[in-house]
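Student: Below you'll find the structure I mean.
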Amino acid sequence: MRIIGREQLLLSTALLTLTLSLYTLLATVGVEVRYVATGSMEPTVPPGSLVVVRRSTGMDYMVGDIVLANYESIPLLHRVIGIDYTGGKLVTKGDNRDTVEVLALDKVEGVMVAGLPYIALPLIDPWAAATLIIIATIAALGVVSRWARE
């Protein structure tokens, strides 16, 4: 059996460094990545999606924007359906919900700029996580057996 060589170690270290650098860069420019745990924004943003949120302050929101807010200590991803300019509030609603939430601007963290559907599903669904672990284990066993034959 072959032990991981110097090239694989260098590649792993480079990938880890690149990931951490990208995360730091995004945080520096006011962007964060969050995962969606509920179906309130289906079908636009299904549960298990990763969303990229640009931090925002002030009244630079528009009707139709999808915003991330802190609503009663719970992260909330909803669409802006109205703006109260005089009161400084956003009227929001999930695409898959009937209820409306009115959010003070100081509770709004930012605007969603991109999303990757289902990529974070293992974070919220134990069966998806178990399936992912099984697939990764089978793939790792295939790689190990290939290295062993070399």
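Student: Restricting attention to region 86-109, does a residue exist that is assigned to a strand (DSSP E or B), among the acidic types (Asp, Glu) and under 21 Å from Arg34 (Cα atoms)?
Tutor: So the first thing to find is which residues in region 86-109 are assigned to a strand (DSSP E or B), and the list is 89-93, 100-104, 108-109.
Retained after the next criterion (residues that are among the acidic types (Asp, Glu)): 101, 109.
Imposing the further condition that a residue be under 21 Å from Arg34 (Cα atoms) reduces the set to 101, 109.
Taking every residue of region 86-109 in turn, at least one turns out to be assigned to a strand (DSSP E or B), among the acidic types (Asp, Glu) and under 21 Å from Arg34 (Cα atoms).
Student: Taking the options Val111, Val91, Val51, Val100, name whichever one is crowded, with 19+ Cβ neighbours inside 10 Å and modelled with pLDDT of 90 or more. Write out each step before concluding.
Tutor: Values: Val111 fails: crowded, with 19+ Cβ neighbours inside 10 Å; Val91 fails: crowded, with 19+ Cβ neighbours inside 10 Å; Val100 fails: crowded, with 19+ Cβ neighbours inside 10 Å.
Being crowded, with 19+ Cβ neighbours inside 10 Å and modelled with pLDDT of 90 or more holds for just one of Val111, Val91, Val51, Val100, which is Val51.
Student: Do the conditions hold for Gly142, that is, is it modelled with pLDDT of 75 or more and of a type in the set (Gly, Ala, Ser)?
Tutor: no
Student: Restricting to region 13-38, count the residues that are farther than 21 Å from Ala120 by Cβ and at pLDDT below 75.
Tutor: Summing the residues that are farther than 21 Å from Ala120 by Cβ and at pLDDT below 75 in region 13-38 gives 2.
The values are calculated or read from the model by the stated rules, or taken from the named source; none is laboratory data. Just so we're clear, the structure is a prediction, and the values are computed from it rather than from any experiment. All Cβ positions, even for glycine, are placed from backbone atoms using ideal geometry, and neighbour counts span all protein chains on display.
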